[in-house]
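Data block below; observations after.
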């Protein structure tokens, strides 16, 4: 923790962009296909809204929980709540979760870059730049990542807005109408996918203690979930409006295809995909770094190591994990699994832990 | 202190030197004059017994239909010099390469043996012959183009009732590149009603996967001139060629769909008089599906406003209310006739591309599910009433017609 000693705290804005950055990573580019696959109707966006509301609630509980232990990360207060050994075990499991998450982001970026941007560039070349830069940034602590988020995330949100506007060239509202033509069942069925697409929201448990004004955690949750939800819904509506539900299912990266389907002859650049994909890579770098940092934070808190050492220990592990999926369908399966774990563990754990914390403080008067 | 500063300087130097090495160029870079920029592609069916047969690949089974692919490359190195005065020796700005095979990917690999490989796809136009579409469904032909990472989804797709490759050989204006000028013709939709809504690869994905019918602009070449003439229909279920719409029928189709962006309607207000040109400013259409006692019928209401642009009539006040009314009525009749012609044609071809099915889907989903499986057949028995309403809002810059 030496590097965190300087009394640097996250502003509310930085915390907000950290929160958004950890949720919107590689998910966004594939989300339209995944929900269309499960839902098979154009109304799947309703399902995303429902999940968004659910996560607003869960995140609010997380804020409450973090408020009970204002100076500690989740790794520390879970040991106080459920005992040292059990807390440490869960902490290490979380480290694994964040490592897999980081590996997943790294691999996604590799897949997209080698497919659409840098065909022929070897994986190690793309990964190594990513890994070493991230290590350097994470060594600066959460504050450094927060500052980076403040720069990258707003640019990314602008890029997303541009993609959605480009999508209007292909948009056909007939693909989205009539709303609820098959009733509410498909919408509920799609929750199976959409509930898993907010993984990353758990970073709240680890960043709130570093905030300048921890009281504003609720603001972070409200705006963070709101903005994420807006772009998730927009990406799904734009993709389905362009390719129809059955068409979206056949596109591997539907949201990228929206950009690839339009030639803007009136702009100085006819083709925006290279530009927008580069911005997207910066965003995935953010998501990756947050996961990588949280994993290292876990190692350093549980095993009482300096965080720099933890970062170096985990570096090769992340790279190896990113190589594990055999193909792109394996990769998407990992993404689904991460969503499932995030949904099950963090939803249940934060509710339970909040109850335990409240019960204890009540018993102590 | 001084020593530390020196060392820092050295580190800086190394970093800068390393950076310079990395930043000087993209490792996978290729000089632009070495690249083959393929900007257009045409697919044809090789007729058995035709003169292309000698190109037939060895070892292919005779029963299988053979595809001929013509790729158009822009030649960047000669593009700049073509403005020279020595017109006889002016280098061509493009080059066509033909290859036959049984699948698209097979053809592409074969081309690699014959020319330095194309660096990537920069396609502007894709032209598919209607004869080929009788043998191969659309999704088979486009499968490779939709899956490849180098192909964007932005090229325009055309159909050709003639030989598709011919469209890549000529341009109406000399010295233009056929594939690019072809695409640019589609930008004239606000001036003529005879161009159907262009379809890019991205826009085809929807109807392709939903198995709905759609139309593509039809390219014809005659007398060394290229023309968009009418449209070709791709049938929904089978995704094969479903028939041809003439230019008039395309106009009617556009009126039915409310997609007319410009163009003229010729009408004759009173018999024996010279025709009058009605220029369309805006157009709209509404299709209403009606279900009475289980019997389905459609009502189409077309509304348009426009301008009286050209009339070869004796001196007469173009703003005269009586005349305006007369012209409005006649134009409406003309539009109605155009639309009716297209409906008849669609009935005849057993295919529906005007959006009636979509209207039914939005207005009565239950009934739509019932008729959907055999929609193209069912459509032939459904009565359709067409109404048109014309409003003349403008007489142009002169209120009197010229003498």
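The values are calculated or read from the model by the stated rules, or taken from the named source; none is laboratory data. Values in this document were obtained by computation on a predicted structure and should not be read as measured data. Note that each Cβ is placed from the backbone with ideal geometry, even for glycine, and that neighbours are counted across all protein chains shown.
Return a yes/no flag: does region B:335-353 have any residue that is over 30 Å from the mean Cα position of the chain (by Cα) and either away from chain A (no Cβ under 14 Å) or modelled with pLDDT under 85 (or both).
Residues of region B:335-353 that are over 30 Å from the mean Cα position of the chain (by Cα), as a first pass: none.
No - not one qualifying residue is present in region B:335-353.
Can you confirm whether region A:55-71 contains a residue that is in a helix (DSSP H, G or I), without any contact (Cβ under 8 Å) to a residue 60 or more places away in the chain, more than 16 Å from the chain's Cα centre (by Cα) and within 14 Å of chain B (Cβ to nearest Cβ)?
In the first step, residues of region A:55-71 are kept if they are in a helix (DSSP H, G or I); the result is A:55-68.
Next, only the ones that are without any contact (Cβ under 8 Å) to a residue 60 or more places away in the chain stay: A:57.
With more than 16 Å from the chain's Cα centre (by Cα) added as a condition, the list becomes A:57.
Next cut, within 14 Å of chain B (Cβ to nearest Cβ) only: none.
Taking every residue of region A:55-71 in turn, none turns out to be in a helix (DSSP H, G or I), without any contact (Cβ under 8 Å) to a residue 60 or more places away in the chain, more than 16 Å from the chain's Cα centre (by Cα) and within 14 Å of chain B (Cβ to nearest Cβ).
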Could you tell me whether any residue of region B:208-227 is within 14 Å of the chain's Cα centre (by Cα), free of Cβ contacts under 8 Å to residues at least 24 places away in the same chain and within 24 Å of residue B:158 (Cβ to Cβ)? no
Before we move on, is residue B:220 within 14 Å of chain A (Cβ to nearest Cβ), surrounded by fewer than 21 Cβ atoms within 10 Å (Cβ to Cβ) and farther than 13 Å from residue B:43 by Cβ? no
Search region B:118-139 for residues being surrounded by fewer than 17 Cβ atoms within 10 Å (Cβ to Cβ) and away from every other protein chain (no Cβ under 14 Å), and hand back the single one that is farthest from residue B:182 (Cα to Cα). B:135
Among what's in region A:234-251 and is surrounded by fewer than 23 Cβ atoms within 10 Å (Cβ to Cβ) and either at the interface with chain B (Cβ under 9 Å from one of its Cβ atoms) or without any contact (Cβ under 8 Å) to a residue 60 or more places away in the chain (or both), pick the residue that is farthest from residue A:42 (Cα to Cα). A:250
Somewhere in region A:85-96, is a residue surrounded by 15 or more Cβ atoms within 10 Å (Cβ to Cβ), closer than 30 Å to residue A:42 by Cα, within 21 Å of the chain's Cα centre (by Cα) and touching a residue at least 60 places away in the same chain (Cβ under 8 Å)? no
Considering region B:143-182 alone, what residues qualify as being touching a helix residue (DSSP H, G or I) at 6+ places or on another chain (Cβ under 8 Å) and assigned to a helix (DSSP H, G or I)? B:143, B:144, B:145, B:146, B:164, B:167, B:168, B:178, B:179, B:182
Residue A:264 vs (1) surrounded by fewer than 19 Cβ atoms within 10 Å (Cβ to Cβ); (2) within 14 Å of chain B (Cβ to nearest Cβ); (3) in a helix (DSSP H, G or I): all pass except (3)
Quick test for you: out of A:18, A:28, pick the one residue that is modelled with pLDDT under 90, under 21 Å from the mean Cα position of the chain (by Cα) and assigned to a helix (DSSP H, G or I). A:28
Looking at B:185, B:205 in this structure, which one is buried (at least 24 other Cβ atoms within 10 Å of the Cβ) and assigned to a helix (DSSP H, G or I)? B:205
What's the total number of residues in region A:168-184 that are within 28 Å of the chain's Cα centre (by Cα) and within 7 Å of chain B (Cβ to nearest Cβ)? 1
Where residues in region B:166-180 are surrounded by fewer than 24 Cβ atoms within 10 Å (Cβ to Cβ) and under 23 Å from residue B:245 (Cβ atoms), which of them is farthest from the other protein chains (Cβ to nearest Cβ)? B:166
